[in-house]
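**Student:** Below you'll find the structure I mean.
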Amino acid sequence: MAKSNIKKKDTHTISMLVANKPGVLVRVALVFARRAYNIDALVVSPAVNPRYSRMTITAKGDPDTLDQIIKQASKLIDMIHAEEHSDVDATHRELALLKLKATAANKSAVAKLAKKFHARIINESKDAIIVEQTGTTEDLDAFEALLKKCGIIEMVRSGKLVMAKGKEET
Amino acid sequence: MIKKAKKKTSKKPASKKQLNGAEALVKCLENHGVEYIFGLPGGSVIPIFDALVGSKIKLILTRHEQGATHMADGYARATGKPGVALVTSGPGSTNAVTGIMTAHMDSVPMIVLTGQTISPMLGKDAFQEADISGISMPVVKHSYLVKKTNDLPRIVKEAFYITNTGRPGPVLIDLPKDITSGSFKGSLNPKMDIPGYSVPGKGNQKDIAKVAQLFKASKKPLLLIGHGAAIANAEHAVRALVEKLKVPVVNTLLGKGVFPESSPLNLGMLGMHGTAYANKALINCDLICSIGSRWDDRINGNNDEFCIGATKIHIDIDPAEIGKIVQPDVSVVGDARFVVEELLKLVEPQDTGKWLQEVDFYRKEFPLKYSDDEGLTAQKVIDELYQITKGKATVVTDVGQHQMWAAQFCLAEHGNKFISSGGAGTMGFGFPAAIGAQFGNPKDLVVAICGDGGFQMTLCELATAAIHKLPVKVIVIDNKYLGMVRQWQELFFGNRLSGVDLEGNPDFVKLAESYGIKGVHIDKVEDVHKKLTAALNHKGPVVIHAEVIKEGNVFPMVPAGKSAHHIIIEPPTTQLEKPTGST
Ligand SMILES: Cc1ncc(C[n+]2csc(CCOP(=O)(O)OP(=O)(O)O)c2C)c(N)n1
């Protein structure tokens with residue numbers, strides 16, 4: 001399951017609602033880059049209102065710097081709001097696609113593991129199988145760790161998506 | 001000789017004629033009350049320069065784009081109105097970047113219009129294409145790359161709103177040439193569309209009440225006044241608060257004058273080259289309340305040791321400043337004027353008599369001083385300027401030793417009377433910024449104090465001053481060195497001088513005269529008063545070349561990275577350790 005505690009503590013999920021305008025992504029990225037803060041994952045998607053976009057950013061680093069980053073990002077003219085979300089107040093999902101060699105041994109092992117993790121084989125060819133998994137970051141990490149012995153050829157992960165629970169706006 | 005037919009400038013197009021983008025742009029600028037545009041043309045902005053023919057906006061042609069931005073900046077700082085610069089694409093726009101960064105660091109409202117290649121050529125390395133909105137992104141409050149001619153009025157309206165509300169800052173508008181030459185069919189007064197932008201208001205009443213409580217509990221309070229207080233026009237409110245509380249005041253370089261520096265309650269500038277008494281007060285206060293300062297490293301030195309044990313209060317319009325450097329006990333996010341006006345209602349007069357006596361002791365014990373024994377010093381020239389003008393002149397400085405001496409000796413009586421590049425420390429700022437300030441306040445006495453190094457970075461603007469017969473005065477403090485750097489090399493690097501000797505300086509008097517500007521040379525203590533008075537009374541521009549001793553050093557000095565406890569008041573006799581602070 002989850003890796004060491006330290007890593008978890010230092011990984012933050014920030015959700016932003018921004019104006020859907022060119023250049024917004026660069027402005028947001030600059031706020032992180034200037035403070036040498038590494039972005040692990042970033043998802044941009046349209047919001048319900050097409051004038052806005054959603055950005056979900058996963059980043060590692062110390063909380064004080066992150067606090068500065070959120071305050072500075074909030075000052076961007078195109079920023080409607082920026083907020084850090086904890087595992088408690090928001091639900092998290094991530095999607096992964098994994099490509100594995102299509103050997104006979106793999107096929108049965110992968111099918112078994114996939115079932116356990118609610119993953120699906122979405123493509124099979126003579127050379128490779130592609131598995132799709134949706135779940136929490138921890139689920140994805142665990143699935144990946146177990147699949148490693150089958151030899152993962154490629155992996156693509158969507159990055160974390162969050163949504164605030166209940167009435168609260170993401 | 002063949003008689004040359006005089007080329008006629010064609011009249012403005014008849015009023016019914018459809019506007020092009022550039023004409024719509026100029027109309028919008030006029031409607032926003034723009035008096036001056038500082039700029040220099042090039043291919044991509046010819047349509048805009050064309051639209052300026054016949055406009056009531058006065059175009060000031062500068063000799064370099066850096067000068068244009070610093071002029072716009074100086075104009076803005078002196079008047080409180082946004083300055084406007086107009087430059088061409090590519091190198092024109094990159095030349096403007098230093099000026100944009102300078103304005104950004106000091107929260108100055110400024111609109112920078114840059115030309116750009118035509119839209120279909122964007123990103124194709126067209127002639128003089130530079131991605132200026134990309135290059136400038138980290139140093140602007142906001143920027144636009146205009147995609148539709150009809151969007152121009154909305155963008156201009158938003159830009160003027162954004163640049164001078166909340167915490168001000170430069171806004172850049174990048175204008176592809178097809179956009180400014182395209183025909184305009186939109187509205188000149190559209191709605192703004194900036195849902196993400198809001199301006200912090202009057203501050204939270206509960207927080208303000210807490211501040212009042214803390215003042216009540218304090219025996220040794222200190223007010224720290226920064227640029228934010230000047231920007232917010234908090235002068236009256238701050239003065240009333242100081243009078244009511246009888247609290248001593250220190251100010252940052254850019255907060256000079258918000259509370260009159262000639263008042264016995266004002267201890268002058270704090271920080272690296274601040275007065276010893278301001279720094280002593282900082283060490284000994286039990287409460288420090290910052291109004292519009294960002295506690296930067298030039299004033300706090302080392303934030304782990306900053307005012308240990310004192311209660312810290314931070315009033316700022318920018319929420320991102322709260323806790324950025326110093327963690328306050330109480331903070332109020334809001335406009336300094338409103339917050340101080342509210343605070344004024346809640347505080348009660350206090351007996352600070354003992355504390356004021358203590359502070360007064362520091363003032364008497366550690367005065368600023370200089371001597372005339374070794375020859376003419378920069379301090380003498382600058383002090384004499386103050387003695388003659390007594391805070392009535394607008395003093396604009398460049399960056400270096402002379403800047404710190406100006407901060408020490410030219411006391412300011414109002415917030416907009418001392419103009420200096422604080423956050424950026426941009427050499428070359430002083431002279432063009434003074435030109436901008438003079439355009440903004442034509443009746444004022446505006447005096448630039450520059451080093452021989454910095455003046456040479458933008459002296460081409462002598463032409464601009466000469467052509468417009470601006471009464472601006474420039475004092476060039478000539479120590480034949482990049483003095484501030486030489487001082488560090490002397491104090492911290494065993495006096496191994498490297499790259500600081502300014503051999504090859506021109507004759508500044510002749511230089512001025514070659515532009516048709518009056519030049520005055522001063523090199524004797526006994527001449528300073530007479531020659532300076534005469535020069536200041538001269539109607540047109542004057543360059544005052546003050547040849548001073550070469551090796552003067554600025555004291556007091558708190559080495560970079562150290563707290564105010566480590567202040568060096570007298571010239572040290574031993575080698576100092578290398579400073580750990582940033583620069
Ligand atoms: C554009 C720029 N380049 C370099 C510096 C670094 N610097 C700070 S002060 C200084 C020396 C300034 O010399 P001068 O203009 O002669 O003034 P002085 O210190 O002698 O009064 C230098 C080089 C700077 N602040 N700005």
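The values are calculated or read from the model by the stated rules, or taken from the named source; none is laboratory data. Quick caveat, the model's predicted, so the values are computed rather than measured. Note that each Cβ is placed from the backbone with ideal geometry, even for glycine, and that neighbours are counted across all protein chains shown. Note: areas computed on protein heavy atoms with side chains; ligands, DNA, RNA excluded. Shrake-Rupley method; radii C 1.70, N 1.55, O 1.52, S 1.80 Å.
**Student:** HN-Hα J couplings of segment B:512-522 from phi, Karplus 6.51/-1.76/1.60, θ = phi - 60°, integer Hz, Gly and Pro as x?
**Tutor:** 4, 4, 5, 9, x, 10, 5, x, 10, 10, 10
**Student:** Please list, ordered by chain and number, the residues whose modelled amide H lies under 5 Å from the amide H of B:Val399; skip anything fewer than 5 residues away on the same chain.
**Tutor:** Here B:Gly428, B:Phe429, B:Gly430, B:Gly451 satisfy the definition.
**Student:** Calculate what fraction, in whole %, of the accessible area of segment A:18-156 sits on carbon and sulfur atoms when a 1.4 Å probe is rolled over the protein chains.
**Tutor:** On the way: 4210 of 7390 Å².
Looking at segment A:18-156 in its full context, I get 57 percent from C and S.
**Student:** Follow-up question, since we're still on this one. Along Cα→Cβ, 7 Å out, is where each label goes; now give me the distance between the ones at B:Glu577 and A:Glu124 in nm to one decimal.
**Tutor:** Inter-label distance under the simple model: 7.0 nm.
**Student:** Summarise the partner chain shielding of A:72-80 as one whole number: the mean count of Cβ atoms from other chains within 10 Å of each residue's Cβ. Before the final figure, lay out the partial values.
**Tutor:** Values: counts 4, 1, 3, 10, 4, 12, 5, 3, 4.
The mean count of partner-chain Cβ atoms within 10 Å per residue comes to 5.
**Student:** Right, another one. Select from B:Leu265, A:Leu25, B:Met101 the residue farthest towards the positive end of the dipole of the protein assembly as shown; place +1 on Cβ of Lys and Arg, -1 on Cβ of Asp and Glu, and compute about the Cα centre.
**Tutor:** A:Leu25
**Student:** Taking 8 Å as the Cα distance limit and 6 or more residues as the minimum spacing, I'd like the relative contact order of chain A as a percentage.
**Tutor:** Details: 304 pairs, mean separation 45.6, N = 170.
The normalised contact order for chain A reaches 27 percent.
**Student:** Show me, for segment B:143-148, the HN-Hα J-couplings you get by feeding each phi into the Karplus relation (A = 6.51, B = -1.76, C = 1.60, θ = phi - 60°), rounded to Hz, glycine and proline as x.
**Tutor:** 8, 10, 10, 6, 10, 9
**Student:** Run through the DSSP bridge list for the protein assembly as shown and note the antiparallel percent, rounded to the nearest 5. Walk me through the intermediate numbers first.
**Tutor:** On the way: 47 of 111 bridges.
Around 40 percent antiparallel, to the nearest 5.
**Student:** Same structure again: With every protein chain kept in the model, how would you rank B:Met457, B:Met192, B:Met404, A:Met79 by accessible area, 1.4 Å probe, largest at the top?
**Tutor:** The ranking, largest first, comes out as B:Met457, B:Met192, B:Met404, A:Met79.
**Student:** Round to a whole angstrom and tell me the spacing of the C-alpha centers of segment B:194-219 and segment B:384-453.
**Tutor:** 32
**Student:** Also, I was wondering about something else. If you keep only loop residues by DSSP, which chymotrypsin sites (Phe, Trp or Tyr not before Pro) in segment B:480-546 have at most 16 other Cβ atoms within 10 Å of their Cβ? Present the calculation step by step, with values, prior to reporting the outcome.
**Tutor:** Numbers: sites: B:Tyr481, B:Trp488, B:Phe492, B:Phe493, B:Phe508, B:Tyr515; in loops: B:Phe493, B:Tyr515.
Listed in order of number, the matching sites are B:Phe493.
**Student:** Follow-up. Using a basic spin-label model with each label point 7 Å from the Cα along Cα→Cβ, how many nm lie between B:Gln387 and A:Leu95?
**Tutor:** 7.9
**Student:** Another one. To the nearest whole number, what is the average tally of beta carbon atoms from other chains within 10 Å of the beta carbons of peptide B:194-201?
**Tutor:** Numbers: counts 3, 9, 15, 7, 1, 0, 0, 0.
Partner Cβ neighbours, averaged per residue: 4.
**Student:** Please compute the contact order of chain B in relative form: average sequence separation of alpha-carbon pairs under 8 Å and at least six residues apart, divided by the residue count, as a percent. The partial results should precede the final answer.
**Tutor:** Values: 1333 pairs, mean separation 79.5, N = 583.
Computed over chain B, the figure is 14 percent.
**Student:** Which residues of segment B:122-147 bury at least 10 Å² of accessible area once all protein chains are present, versus their chain alone (1.4 Å probe)?
**Tutor:** Output list: B:Met137, B:Pro138, B:Lys141, B:His142, B:Ser143, B:Lys147.
**Student:** Between B:Ala466 and B:Lys550, what is the label-point separation in nm under the 7 Å Cα-to-beta-carbon projection?
**Tutor:** For B:Lys550 paired with B:Ala466, the spin-label model returns 3.0 nm.
**Student:** In addition: So for each of B:545-552, B:445-452 I average, over its residues, the number of other beta carbons within 10 Å; can you give me the resulting order with the highest mean first?
**Tutor:** On the way: B:545-552: 20.4, B:445-452: 27.5.
Result, highest mean Cβ count within 10 Å first: B:445-452, B:545-552.
**Student:** Report relative contact order for segment B:21-181 in percent, whole number only (criteria: Cα-Cα under 8 Å, sequence separation at least 6).
**Tutor:** Values: 359 pairs, mean separation 43.5, N = 161.
Taking the mean separation of contacting Cα pairs over the length of segment B:21-181, I get 27 percent.
**Student:** Still on this structure: Provide the per-residue ³J(HN,Hα) series for segment B:106-116, in order, calculated from phi with Karplus coefficients 6.51, -1.76, 1.60 and θ = phi - 60°, each as a whole number of Hz, with x at glycine and proline positions.
**Tutor:** 9, 6, 9, x, 7, 10, 10, 9, 10, x, 8
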